[in-house]
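Structure first, then comments.
The values are calculated or read from the model by the stated rules, or taken from the named source; none is laboratory data. On a predicted model such as this, the values are computed, not experimentally measured, just so you know. Cβ sites come from the backbone with ideal geometry, for glycine too, and all protein chains shown count toward neighbours. Heavy atoms of the whole protein, side chains included, go into the accessibility calculation; ligands, DNA and RNA do not. Shrake-Rupley method; radii C 1.70, N 1.55, O 1.52, S 1.80 Å.
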Amino acid sequence: MDYSKIKDKQEELYIDLHKHPELSMQEERTRGLIADHLKDLGYEVTEVGGGVVGTLENGDGKTVMLRADFDGLPVKEDTGLDYASTQTMKDSDGNEVPVMHACGHDAHTASLLGMGELMADNQDDWSGTLQLLFQPGEETAEGAQAMVDDGLVDKVAKPDVVLGQHVFALEELAGGVGVRKGPFFSTATSVDVKLYGEGSHGSMPHKSIDPVVLASSIVMRLQTVVSRELSPSEFGVLTVGSIQAGSKANVIPFEATLKVNIRAYSEEIRDKIAASLERIVKAECAASESPRDPEFTYHDEYPLTDNDEEVTEEVLGALTEHFGEERVVGDAPKMTASEDFSIIPDAFEVPYCYWVFGGAPVGEEAPNHSPHFAPTLQPTLQTGTEALLSAALHYLGK
């Protein structure tokens, strides 16, 4: 299939997506654009849970589902691109925030739509059923579950395999792809921890139970969870990303909030870290004579991305055959980032493979979620499109 036939059109689509990002679970324009594009290509379109599935039946054969996400982030773009986003939206709290495709979901969507166009235009080259799934709300861990909760498994045919990919600005992946059998992207969860004290004037600390001191003690003690409770051979992350307490220097507040992020390559280790977090928080609250028990709110929970070994071996072979060994990393390092992708194949109870592809030239990478994140148009889009094609055609090609 000749990529050059869609190159210009795909680049225009990508630029449009990049200029018009939308926040998670608010992606109305993006969803409509995707649905219209699929209909124009002859796909049967099913809208479910804020997402879109385009289905193209083309004779006997396997059913292959490929997934892309399409939400943006509340980040103010600073890339210098002439198509940089200047969008703002109201977030879930009603605050007006800048919006940017700072994680490459525009590249994911453009790659999958480009792949879908090539498959639609070359139906003599394959046989079976192709399902293109476009998912909202990945950045908040809501979208995949929303599609499942809205009846995804009943509204589209069960696939034999689910495939997906993510762009990263990694030097070793420039112009290439990387994949790994087994655990690849970590499981993750975020926890809001509310602590209670007794407020007082700053000049009378003896009349308070100071939640700032309590929060500080907890933060320091939490540093020992990974270093002293996990084996050195086990991976785990426990990060306190935010401490919120008080408003003035001379006022001791009555409460404080910690925002904590936990990551691991197994649910067992994740749960062990979470249990340690709760144990330490409760103990420090007891030591400070906190007047109320702490409160724990878990959110943004991501499952482990655990690639099926057999499917990954097959996909690796297809990618290597297409790109050549010099452009494929077959034992890519584990990623500490997290994904809700696996919720989709797990709902269907089918195997899956998820890989990564490069989005920046050597020496010019900015990390995902950075305001400077700017994948180069090419070879990023061609790499992403051809990776999807080669993997799908392994199962559907004649």
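Among residues of the range 58-84 that are modelled with pLDDT of 95 or more, those with a Cβ under 6 angstrom from a residue that is open to solvent by 10 Å² or more (accessible area, probe 1.4 Å) and β-branched (Val, Ile, Thr), sequence gap 6+ or separate chain, pair up as Thr63/Thr129; Pro74/Val97; Tyr83/Ile15. Looking at the range 74-83, is at least one residue part of a strand (DSSP E or B) and either open to solvent by less than 80 Å² (accessible area, probe 1.4 Å) or aromatic (Phe, Trp, Tyr) (or both)? No, every residue in the range 74-83 fails to be part of a strand (DSSP E or B) and either open to solvent by less than 80 Å² (accessible area, probe 1.4 Å) or aromatic (Phe, Trp, Tyr) (or both).
Scanning the range 93-130 for residues that are open to solvent by 10 Å² or more (accessible area, probe 1.4 Å), touching a residue at least 40 places away in the same chain (Cβ under 8 Å) and closer than 23 Å to Ala337 by Cβ returns Val97, Cys103. The residues of the range 30-47 that are open to solvent by less than 50 Å² (accessible area, probe 1.4 Å), touching a residue at least 12 places away in the same chain (Cβ under 8 Å) and part of a helix (DSSP H, G or I), listed by number, are Thr30, Leu33, Ile34, Ala35, His37, Leu38. Among the residues of the range 344-369, the ones that are among the hydroxyl-bearing types (Ser, Thr, Tyr) and in a helix (DSSP H, G or I) come to 0 in all.
Answer with yes or no whether Ala144 is open to solvent by less than 10 Å² (accessible area, probe 1.4 Å) and not in a strand (DSSP E or B). For Ala144, the condition - open to solvent by less than 10 Å² (accessible area, probe 1.4 Å) and not in a strand (DSSP E or B) - is met.
Screening the candidates Ala264, Ala249 for the property of being over 21 Å from Pro303 (Cβ atoms) and in contact (Cβ under 8 Å) with a residue 40 or more places away in the chain yields one hit, Ala249.
Considering the range 16-29, and only residues there that are part of a helix (DSSP H, G or I) and open to solvent by 50 Å² or more (accessible area, probe 1.4 Å), the residue that is nearest to His105 (Cα to Cα) turns out to be Lys19. For Val53, the test of being open to solvent by less than 50 Å² (accessible area, probe 1.4 Å), touching a residue at least 24 places away in the same chain (Cβ under 8 Å) and either assigned by the TED database to the domain that holds Val161 or within 15 Å of Leu133 (Cα to Cα) (or both) is passed.
Of the residues making up the range 312-343, those that are in a helix (DSSP H, G or I) and in contact with an Asp or Glu (Cβ under 8 Å, 6 or more places away or on another chain) are His322, Phe323. Scanning the range 224-238 for residues that are touching a residue at least 12 places away in the same chain (Cβ under 8 Å) and loosely packed, with under 13 Cβ neighbours inside 10 Å yields a total of 0. Kindly provide the set of residues from the range 147-166 that are of a type outside the set (S, T, N, Q) and open to solvent by less than 40 Å² (accessible area, probe 1.4 Å), ordered by number. Across the range 147-166, the qualifying residues are Met147, Val148, Gly151, Leu152, Val156, Pro159, Val161, Val162, Leu163, Gly164, His166.
When residues in the range 167-190 are screened for being open to solvent by 10 Å² or more (accessible area, probe 1.4 Å) and either touching an Asp or Glu at 6+ places or on another chain (Cβ under 7 Å) or not assigned by the TED database to the domain that holds Gly72 (or both), 7 of them pass.
Flag: His372 matches the condition of being of a type outside the set (Ser, Thr, Tyr) and not in a helix (DSSP H, G or I).
Among residues that are over 26 Å from the mean Cα position of the chain (by Cα) and charged (D, E, K, R), Lys181 is not included. Among the residues making up the range 191-208, a single one is basic (Lys, Arg) and surrounded by fewer than 15 Cβ atoms within 10 Å (Cβ to Cβ): Lys207.
Of all residues in the range 270-282, those that are crowded, with 21+ Cβ neighbours inside 10 Å, of a type outside the set (D, E, K, R) and within 25 Å of the chain's Cα centre (by Cα) total 2. Checking each residue in the range 1-29 for being touching a His at 6+ places or on another chain (Cβ under 9 Å) and free of Cβ contacts under 8 Å to residues at least 40 places away in the same chain picks out only Arg29. Being at pLDDT 95 or above, under 23 Å from Tyr302 (Cα atoms), surrounded by fewer than 18 Cβ atoms within 10 Å (Cβ to Cβ) and of a type in the set (A, V, I, L, M) is a description that does not apply to Val213.
Rundown of residues vs (1) among the aliphatic types (A, V, I, L, M); (2) under 22 Å from Asp8 (Cα atoms), yes/no style:
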| site | (1), (2) |
| --- | --- |
| Met119 | yes, yes |
| Asn122 | no, yes |
| Asp125 | no, no |
| Leu130 | yes, no |
| Gln135 | no, no |
| Ala144 | yes, no |
| Leu152 | yes, no |
